[in-house]
Structures are given as C-alpha cells and as structure tokens.
Amino acid sequence: MNRFTVQSFPPFFGLRRELTMPALERIDFPAGDGSALCLHHTSGGDRGPVLMTPGTAMTALTYCIDSVPQNIVEFLVAEGFDIWLFDWRTSPLLDAHLRPYTLDDVGRYDWPAAVDQVLQRTGKKQVSVLAHCLSAPCFLLSLVRGYLDTEKIRSFVASQVALHLRLTRAGTIKVKTHMDRLLPDEQLIHQKPAEIAGQLSDTAAAILARIMPRSFSCNNRACYRHVATFGEIILHSRVNPTTHAMMGELVPECCSGFLKDVAVGVRRDTILNREDLRHLDRLRLPILFISGQENRMFIPESTAETYRLLCNANGTGFYRRTVYPGFGHLDCYIGTGASRQIWPDLSQALDTPHSGFAQQVPTAQVSAS
C-alpha cells in the first residue's frame with residue numbers, strides 16, 4: 001500500500017504524518033439540480049463500498065485528518081472497505097455552500113446523485129452509508145420521500161441525529177425564540193475569527209458566543225462561535241491539542257439559510273410531515289443509530305426518538321442504537337479512544353446485510369467499552 005500525504009488541503013492535511021491508505025481520487029459530478037458536488041475515493045479491498053458524509057459546514061476530507069494516530073478512513077480501509085467520501089453542498093470546498101439550501105434539497109438532489117455515482121463506478125447494486133450530523137436526516141428524507149430507492153442501500157449508520165432534532169435546553173431556547181428569522185438567508189456565519197465580517201449573521205454569532213452556556217474553557221475562539229451557531233461540536237477532553245487548534249478550519253462557515261431551515265425542524269421536533277409518516281416502510285433497512293452520551297449539540301434523545309418511531313412502525317429487526325459514554329459529537333470520529341470504542345461497531349454495522357440484523361436486541365444499548 002502506498003503511503004501519501006494530502007498536501008492539497010492545508011493547513012489540516014499533509015503536514016504531520018503520512019496516511020496509511022491509497023491516495024485519494026477526487027471525482028466531481030452534478031447534483032440533480034446541477035449544483036457541483038464531489039467524491040473522494042480510496043479503497044482497502046472488496047468488503048463493499050461505503051459512502052461517508054460529514055456534518056454541516058464540513059468537507060468529508062475531515063475524516064482524513066493526520067493529527068490523530070489513525071483516522072477513521074485509515075481504519076475502514078484496513079478493514080477492507082471501499083471508501084467514498086461525499087462532499088454534499090454544505091462543504092466549504094464547493095460553491096454551492098455559498099447559496100441557501102434546505103434539508104429537502106440535499107435529500108432530493110444530492111443523495112440520489114451520490115449513491116448513483118458510487119453504484120455506477122463500482123458496478124455494485126448496493127452501498128452502505130455512514131452519515132454524520134445533519135447529513136443523516138437529509139439521507140433519511142431522501143429515502144422516506146422516495147427520492148432514493150431503499151433497495152440501493154445495504155445498511156446505514158445515523159450518527160448523532162436522525163428524524164428528530166433535539167438540542168440542549170439552551171439551544172432549544174435559542175431556536176424557539178425565533179432569533180434565526182432575523183438573519184438574511186444568503187449570509188454566511190463565519191467561524192474562523194480572521195474571516196468574521198461586519199454582517200448581521202457574524203454579529204449575532206459574536207453576541208451569542210459570549211452568552212451561550214458551555215462546558216469548556218479554551219483559547220480557541222472558533223469553539224465559542226461553534227457553540228453560538230451549532231452547539232458544542234467536540235467534547236474537549238477527547239480531542240488532542242493539535243486537532244483542537246484546527247477546529248476553525250474543520251468547520252469554517254455555514255450559510256444561515258440552511259440553519260434557518262433546520263430551526264423549523266427543531267421547533268416541530270421532527271423533520272417529517274404527515275405524508276412522510278405514511279412511508280416509514282421505506283426505512284426498512286439495517287440502521288445503527290449512535291450518539292455520544294455527552295453530546296451537547298444534538299442530545300442522545302435525538303436518535304432515541306427516531307429509534308422508537310421506526311421500531312414501532314417496522315419492528316425491531318432492522319434497528320439498533322448505541323450510546324457511548326464519555327463521547328460528545330464530532331469527537332466520535334476525531335477523538336481519543338474512538339478507534340477502540342466506537343469504530344469497530346461502525347465497521348460491523350456497515351457490513352450488515354440489507355435483510356437486517358441477525359440477532360437484534362429490541363432495546364437501546366449503552367456501550368461501556
């Protein structure tokens with residue numbers, strides 16, 4: 001296996017160590033509405049294709065950070081998976097992130113195009129999917145609204161949130177006071193202090209960064225702006241100093257129009273409408289819901305509520321849920337201990353046949369490993 005450094009995306013790639021995986025190939029392709037999207041492909045073998053997406057305002061290359069001893073792409077490549085990292089329209093590498101978009105836009109235009117790209121290029125009939133944060137509810141909408149054929153998906157890992165958007169108490173109050181309605185749809189909320197402009201969205205984030213409660217104290221201003229905009233992205237005790245210093249680069253900016261659409265789902269407690277509830281059978285596939293017990297963005301009840309809904313609708317044979325003590329949100333992928341305590345479960349779930357889990361435990365599980 002050739003080792004390489006990813007030098008095209010400084011400052012957080014290719015500066016610290018070589019990555020133990022085949023070099024990435026970038027594949028540009030259009031979404032259903034013509035927006036430019038891209039995939040980054042690397043492979044470890046023939047265990048099956050896996051399509052991985054990051055959360056809002058991130059590139060999927062975040063999964064390749066070299067500031068940790070082993071990143072999750074290296075882990076899954078070593079496990080024999082064929083990895084396809086998907087930059088949906090939220091990615092700072094794409095022009096599409098500069099324009100307002102909705103959860104439904106991503107489900108309608110981005111996910112079907114990405115899945116078809118992988119299936120066409122691999123010649124496979126199914127792909128497994130791991131979707132983190134708000135890419136997960138977008139994927140579920142794509143299925144439940146019929147934009148994406150369920151038969152194309154082998155298994156799915158919903159990371160931290162699914163059909164129910166449950167925030168911390170402070171986050172819920174912020175959203176339910178309708179503060180988001182004051183923000184122009186087309187403005188970016190910048191997280192890196194050097195890029196903060198004088199526009200209303202940045203000013204609002206600066207004010208909230210001073211008053212929103214938080215569980216940490218650090219010298220990285222981006223972390224405080226993240227709390228104001230999204231919630232706590234990491235559990236600080238899980239993230240090493242080098243990775244912590246990169247947080248502004250990892251999650252740099254987001255269009256306020258998307259966050260306003262998300263806020264509607266938070267106020268309604270779910271992204272589903274009445275018509276969606278008639279089609280929950282389209283979610284009859286193996287799904288592992290995971291949450292960090294210390295998640296202070298989307299609290300664990302986010303996955304618990306969706307787990308209960310789908311078990312009631314389709315039976316328990318397709319669904320599992322695990323909550324990981326001592327982990328928060330993004331540190332489930334970039335934090336110390338994740339490779340031992342979380343990633344083996346993800347590997348197993350991504351290799352689950354479409355027919356469902358062979359031995360399903362019909363209650364949510366808490367991992368103490």
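Provide the net charge surrounding Phe216, with neighbours chosen by a C-beta distance below 14 Å and charges set as Lys +1, Arg +1, Asp -1, Glu -1.
After counting each charged neighbour, the total is +2.
Please build a GNM for the chain, connecting alpha carbons under 10 Å apart, and tell me which residue among Gln117, Gln160, Gln348 fluctuates the most.
Gln348
Looking at the stretch 118-189 from every direction and averaging, what is the projected area of its Cα convex hull in nm²?
6.9
What does the accessible area of Cys223 come to, in Å² to the nearest 10, when a probe of 1.4 Å is used?
10
About the Cα centre of the stretch 262-334, what is the dipole size in debye to 20, counting +1 per Lys and Arg Cβ and -1 per Asp and Glu Cβ, all else neutral? Numbers along the way, then the final one.
On the way: 10 positive and 8 negative charges, 43 e Å.
The calculation lands at about 200 debye.
Can you report the principal axis dimensions of the stretch 91-220 using only the alpha carbons, biggest first, rounded to whole angstrom?
In descending order, the Cα extents are 51, 31, 30 Å.
How big is the stretch 60-165 by the Kirkwood estimate over distinct Cα pairs, in Å?
Final number for the Kirkwood radius of the stretch 60-165 is 14.7 Å.
What dipole magnitude, in Debye to the nearest 20, does the chain give about its Cα centre under +1 on Lys/Arg Cβ and -1 on Asp/Glu Cβ?
Here the size comes out at about 860 debye.
Under 10 Å from the Cβ of Thr42, count the other residues' Cβ atoms, weight Lys and Arg +1, Asp and Glu -1, and hand me the total. Write down the numbers at each step before the final one.
Working: positive: none; negative: Glu25, Glu74, Asp82.
Net local charge, Thr42 excluded: -3.
Would you rank Leu93, Leu148, Leu182 by solvent-accessible area, highest first, keeping every protein chain in place and using a 1.4 Å probe?
Leu182, Leu93, Leu148
Taking K and R as +1 and D and E as -1, what net charge do the other residues with C-beta under 13 Å from the C-beta of Tyr101 add up to?
-4
Enter the accessible area of Phe298 (Å², nearest 10), with the probe set to 1.4 Å and all protein chains included.
Its accessible surface works out to 10 Å², give or take rounding.
Please express the shape of the stretch 1-129 as an equivalent ellipsoid: the semi-axes are the square roots of 5 times the eigenvalues of the C-alpha gyration tensor, given largest first in whole angstrom. Walk me through the numbers on the way to the answer.
Numbers: eigenvalues 115, 69, 23 Å².
So the three semi-axes of the stretch 1-129 are 24, 19, 11 Å.
Compute, for the stretch 51-207, the length of the dipole vector about the Cα centre, with Cβ point charges of +1 (Lys, Arg) and -1 (Asp, Glu) only. Units Debye, rounded to 20.
The calculation lands at about 540 debye.
How big is the antiparallel share of DSSP beta bridges in the chain, given as a percent to the nearest 5?
Numbers: 17 of 42 bridges.
In the chain, DSSP labels about 40 percent of beta bridges as antiparallel.
For the stretch 1-128, with the dipole built from +1 on Lys and Arg beta-carbon atoms and -1 on Asp and Glu ones, taken about the Cα centre, which of Val50, Gly14, Gly32 lies farthest toward the positive end?
So the residue furthest toward the plus end is Gly14.
Using a Gaussian network for the chain with springs between C-alpha atoms less than 10 Å apart, which of these wobbles most: Met212, Met247, Met52?
Looking only at Met212, Met247, Met52, the largest GNM fluctuation is found for Met212.
Cα-based Rg of the stretch 240-369 per 2.2 N^0.38 Å, rounded to two decimals?
Ratio of Cα Rg to 2.2 N^0.38 Å: 1.19.
In whole Å, what are the extents of the chain along the principal axes defined by its C-alpha atoms, from largest to smallest?
Result, largest extent first: 51, 50, 45 Å.
The values are calculated or read from the model by the stated rules, or taken from the named source; none is laboratory data. Because the structure is a prediction, the values reported are computed rather than measured. Neighbour counts are summed over all protein chains in view; Cβ atoms, including those assigned to glycine, are modelled from backbone coordinates with ideal geometry. Surface areas here come from the heavy atoms of the whole protein model, side chains and all, with no ligands, DNA or RNA. Shrake-Rupley method; radii C 1.70, N 1.55, O 1.52, S 1.80 Å.
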